[in-house]
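The structure under discussion appears below in the form of structure tokens.
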Amino acid sequence: MSIAEVAAKAGINRNTLNALELGKPGVAIGAHITVLWALGLDRTLEGVAHPDSDTHGKTLEASRRPVRVRKSQKSKNECDF
């Protein structure tokens with residue numbers, strides 16, 4: 001497929017497609033996904049950010065959880081006032 005055909009099928013401008021190919025950071029993620037769809041490669045996104053296989057994300061989430069602290073228990077001495 002030519003650049004013009006891919007851009008037309010994805011519904012984006014040729015300049016946007018060129019910027020995407022060059023890896024410019026200003027290109028929207030939606031443009032990336034629609035180009036993958038236009039090329040028939042959208043099935044490669046199935047594992048992206050899958051909660052069961054994202055071990056790095058789970059580790060980050062666990063590190064951000066608040067740590068529970070138990071209140072100190074009073075001694076069980078009955079004579080303690």
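The values are calculated or read from the model by the stated rules, or taken from the named source; none is laboratory data. Small disclaimer: the values here were computed from a predicted structure and weren't measured. Because the Cβ atoms are built from the backbone with ideal geometry, glycine has one as well, and the counts that use them run over all protein chains shown. Side chains are part of the model used for accessible areas, which takes the heavy atoms of the whole protein and leaves out ligands, DNA and RNA. Shrake-Rupley method; radii C 1.70, N 1.55, O 1.52, S 1.80 Å.
Scanning the range 21-60 for residues that are among the polar types (S, T, N, Q) and part of a helix (DSSP H, G or I), we see that the one that is farthest from A4 (Cα to Cα) is T59. I need the full set of residues from the range 1-38 which are surrounded by 13 or more Cβ atoms within 10 Å (Cβ to Cβ) and touching a residue at least 24 places away in the same chain (Cβ under 8 Å), in order please. The answer is V6, K9, A10, T34, V35, W37, A38. Return yes or no: is A49 open to solvent by 50 Å² or more (accessible area, probe 1.4 Å) and on the phi > 0 side of the Ramachandran plot? Considered against the rule, which asks whether it is open to solvent by 50 Å² or more (accessible area, probe 1.4 Å) and on the phi > 0 side of the Ramachandran plot, A49 comes out as yes.
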